[in-house]
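The values are calculated or read from the model by the stated rules, or taken from the named source; none is laboratory data. Because the structure is a prediction, the values reported are computed rather than measured. We place every Cβ from the backbone using ideal geometry, glycine too, and count neighbours over all the protein chains shown. Note: areas computed on protein heavy atoms with side chains; ligands, DNA, RNA excluded. Shrake-Rupley method; radii C 1.70, N 1.55, O 1.52, S 1.80 Å.
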Amino acid sequence: AKSKFPSSVTCSTAHGLAYRAIGRDYASRLHSTQRLSFKQIAEWLEAPAFGFKSSISNHVLDPAQIARYAQATVRNFCKSIDHELSTKHVEMPVIIKADSPNADAFSRKVLPLAKKIWNDLLLHEGFMRFNHDYYLKMWQLGKPRIGSDYILFDEAQDADPVMLDVVNSQSSSQLIYCGDQFQAIYEWRGAKNALNMVHVDKHLWLTQSFRFGTAIAAEANRFLKLLDAPKMVKGLGGMTSSLKSISNPDAILCRTNAGVISALMGEQSKGRSVSIIGRTQELIDFAEACQHLMAGGRT
């Protein structure tokens, strides 16, 4: 973007803005190679164990597990637009959440520990490992003013609530949100469809593709009609594109991990040699976790 926009436009990520304002003060913590186990965090927190009963059995979470939930609680707070840590941010197992007395007791145990972690993170030198989402949250809490005439928010569908809150609060700037709700890929890390969460005076549509010709546009429009989409797409005239069936494709595009595994097994059943392009560790970890559970272990 910096290479394409004129010098009058500043191009930055939200984290980039937050780093210049807040994050640079935490540079030593960010670049620390320190590694902490949950057992070490539990010892520092002086975390207790937590015992509870369910309809199944009696259960006990050890201090290291409590430390993990306390840290996850801080993470939930940092993904929210709230100004204070509270019980609503407390991360807890489903089996505890299903029972109100257990949930209340668990929150009372975990919340003070989460607050101790957050207070430590506010220090320029502290015990806990520091990451980029922490200074982004601190920046949002300070109600920053970006001070530009216009703010163009690209890939707005993938904005997490903290980024969105900062941009929505810029009352002296014209705000322009650009994105596609059907291309949201960061929901797993707290991203929301910002296009449904902001109120704008005018909607503009980009329906002209610069990536494919009319044949692919016609096929895409078949599905858009089935989905009752408000707009159809247009192919780029002069660009050659075609649509046809291939019995033995060289490549298969998959949208989900489950789709990858299914396609992999399907092609192997045909006696074809198959490889996965991209990171496979997540798939391997999941399969190994299943093996551990099936063998009666824990994961």
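Report whether or not Ile81 is out of contact with any Cys (no Cβ under 9 Å at 6 or more places or on another chain), among the aliphatic types (A, V, I, L, M) and loosely packed, with under 13 Cβ neighbours inside 10 Å. The answer is no for Ile81. Scanning region 91-116 for residues that are under 17 Å from Ala49 (Cα atoms), out of contact with any Lys or Arg (no Cβ under 9 Å at 6 or more places or on another chain) and hydrophobic (A, V, I, L, M, F, W, C) yields Met92, Ile95, Ile96, Ala105, Val110, Leu111, Leu113, Ala114.
So, of the residues in region 180-231 that are among the hydroxyl-bearing types (Ser, Thr, Tyr) and modelled with pLDDT of 90 or more, which turns out to be least open to solvent (accessible area, probe 1.4 Å)? Spell out how you get there, then give the answer.
Let us first name the residues in region 180-231 that are among the hydroxyl-bearing types (Ser, Thr, Tyr), namely 186, 207, 209, 214.
Retained after the next criterion (residues that are modelled with pLDDT of 90 or more): 207, 209, 214.
Working: Thr207: 34, Ser209: 18, Thr214: 94 Å².
The selected residue is Ser209.
Annotation note: of Ile151, Ile146, the sole residue that is outside any loop (DSSP other than H, G, I, E, B), of a type in the set (A, V, I, L, M) and open to solvent by less than 90 Å² (accessible area, probe 1.4 Å) is Ile151. The set of residues in region 239-250 being in contact (Cβ under 8 Å) with a residue 12 or more places away in the chain and over 17 Å from Thr207 (Cα atoms) consists of Thr240, Ser241, Ser242, Leu243, Asn248.
Set side by side, the residues Thr33, Thr87, Thr10 differ, and just one is open to solvent by 90 Å² or more (accessible area, probe 1.4 Å) and in contact with a Ser or Thr (Cβ under 8 Å, 6 or more places away or on another chain), which is Thr10.
Hey, can you tell me all the residues within region 90-105 that are among the acidic types (Asp, Glu) and either surrounded by 21 or more Cβ atoms within 10 Å (Cβ to Cβ) or under 29 Å from Met197 (Cα atoms) (or both)? Within region 90-105, Glu91 is the sole residue that qualifies.
Considering region 39-54 alone, what residues qualify as being open to solvent by less than 80 Å² (accessible area, probe 1.4 Å) and either in contact with a Lys or Arg (Cβ under 7 Å, 6 or more places away or on another chain) or more than 23 Å from Ala103 (Cβ to Cβ) (or both)? Please lay out each step first, then the result.
Filtering region 39-54 for residues open to solvent by less than 80 Å² (accessible area, probe 1.4 Å) gives 41-42, 44-45, 47-52, 54.
Across region 39-54, the qualifying residues are Trp44, Leu45, Pro48, Phe50.
When the residues of region 106-128 are filtered to those that are touching a helix residue (DSSP H, G or I) at 6+ places or on another chain (Cβ under 8 Å) and in a loop (DSSP other than H, G, I, E, B), the one that is surrounded by the most Cβ atoms within 10 Å (Cβ to Cβ) is Met128.
Name the residues in region 240-295 that are among the hydroxyl-bearing types (Ser, Thr, Tyr) and surrounded by 12 or more Cβ atoms within 10 Å (Cβ to Cβ), would you? Give the derivation first.
Initial filter on region 240-295 (among the hydroxyl-bearing types (Ser, Thr, Tyr)): 240-242, 245, 247, 256, 262, 269, 273, 275, 280.
Matches in region 240-295: Ser241, Ser262, Thr280.
Is it true that some residue in region 75-84 is in contact (Cβ under 8 Å) with a residue 40 or more places away in the chain and of a type in the set (Asp, Glu)? Scanning region 75-84 turns up no residue that is in contact (Cβ under 8 Å) with a residue 40 or more places away in the chain and of a type in the set (Asp, Glu).
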